[in-house]
1. Once the Cα atoms of segment 187-355 are picked out, what are the Rg and Dmax in Å?
2. Say each of K301 and Q335 gets a label point 7 Å from the Cα, pointing the same way as Cα to Cβ; how far apart are those two points in nm?
3. At a Förster radius of 22 Å, what calculated FRET efficiency corresponds to the Cβ-Cβ distance of L59 and D2, to the nearest 0.05?
4. Against the longest alpha carbon principal axis of the chain, how many degrees, from 0 to 90 and to the nearest 10, is the axis of helix 346-355 turned?
5. Using only Cα atoms, tell me the angle between helix 288-297 and the longest principal axis of the chain; keep it within 0 to 90° and round to the nearest 10.
6. Run the Debye formula on the Cα coordinates of the chain, all scatterers equal and no solvent, and tell me log10 I(q)/I(0) at q = 0.09 1/Å.
7. Taking the Cα centre of the chain as origin, sum charge times position over the Cβ atoms of Lys and Arg (+1) and Asp and Glu (-1), and report the length of that vector in debye to the nearest 20.
8. A 32 angstrom limit on the alpha carbon distance is what I want to check against. Which of K280/K301; K68/K318; K54/K223; K19/K96 exceed it?
Amino acid sequence: MDTIHIQTESKKYNVFVGKGVRNQLDTFLANHFPDLTRILIITDETVAKLHLEKLLLVLKPWEPIIYKGPSGEKTKTFEVYYDALSTALENHLDRKSVILSFGGGAVGDLSGFVASSFMRGIPFIQIPTTILAHDSAVGGKVAINHPHGKNMIGAFYQPEAVFYDLELLTTLPEHEIRSGFAEVIKHALISDARFYEWLRNNVDDLNLITLDQLSYSLIKGIKIKNEFVSQDEREMGIRAYLNLGHTLGHAIESEMGYGNFTHGEAVMIGMIFALKLSKKLLGLTFDLEEFIEWVEQLGYKTKVPNHLSFEKLVAKMKQDKKSVGDSIRFVLLEQLGQPKLQKISETILLEELKRF
């Protein structure tokens, strides 16, 4: 088991990574919450079928309450959020209760937002079951979606701990592996040229990636995220660099309909667009064609879906949380590992999207 120490302005906590780390959860709960009253597990239908029994075996003494939402981004709605809060109230959770988030990034976002707002905040623990959640489970961003934009209603609310059990990743379908690994690639691009070269040289088929390679990649990604989050918990500055590819990526997700295009695959298209802008506007020296060839080999799409309107994508990007007034701010790279937040006019953005 590897332990990564996360330190933010508001809280210190640990991320435990390894095979079978869920089995340490009962000891952690007993030690950290001696007056624990109730446990609410928030999960989704897919994860419940695959893994819930494994978690319940560890939690037998507490007889947890279970809330199952729909799978994927469909769980991040006002209706599901309200329903989860109703479950907490109907089962008499109180301020000595704990919420366990058991699922991917969407479940983590929902669970954290429920925990942050129930009785003005009760503790929650992240138990991620996807590669994508190595990014979303760390750093305390919790939210639900709105038709006008992704993650627009939420809070900064740190978990008490993250238990990242690598055994639970073995059932992921291929598109979910790709979705999660896009965030690993993002972490390398914004922070660590040597890690990027390691990925290029060692990962050429996501279906054949070894557990050791995956563990190394995820631990490296979590540590890189911590570097940014520890300095800027509430994204007033450098934490925004973690959004490389997300401005266009979120717009694509929204226009495609949440859940119809995975987050990481949309972000990959957004990263390629950002890299093209970086070469044009900042003089980035980077072999983009080699990068595109590599990620296409890994199974990623690299172009905006044909039927999407550029004008509607730009309108969505103007609603991005990094945007200020009419300026759209993009995370670009001056060089590999050197991100920069750059204002781009709507006119230039539309021209470059059409060229892209």
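Every number in this text was worked out from the coordinates using simple rules, so none of it is lab data. In this text, all values refer to a predicted model and were calculated from it rather than measured experimentally. We place every Cβ from the backbone using ideal geometry, glycine too, and count neighbours over all the protein chains shown.
1. Cα only, segment 187-355: 15.8, 46 Å (Rg, Dmax).
2. 3.5
3. 0.45
4. Once rounded, the angle reads 80 degrees.
5. 50
6. Debye output, listed in q order: -0.47.
7. 720
8. K68/K318
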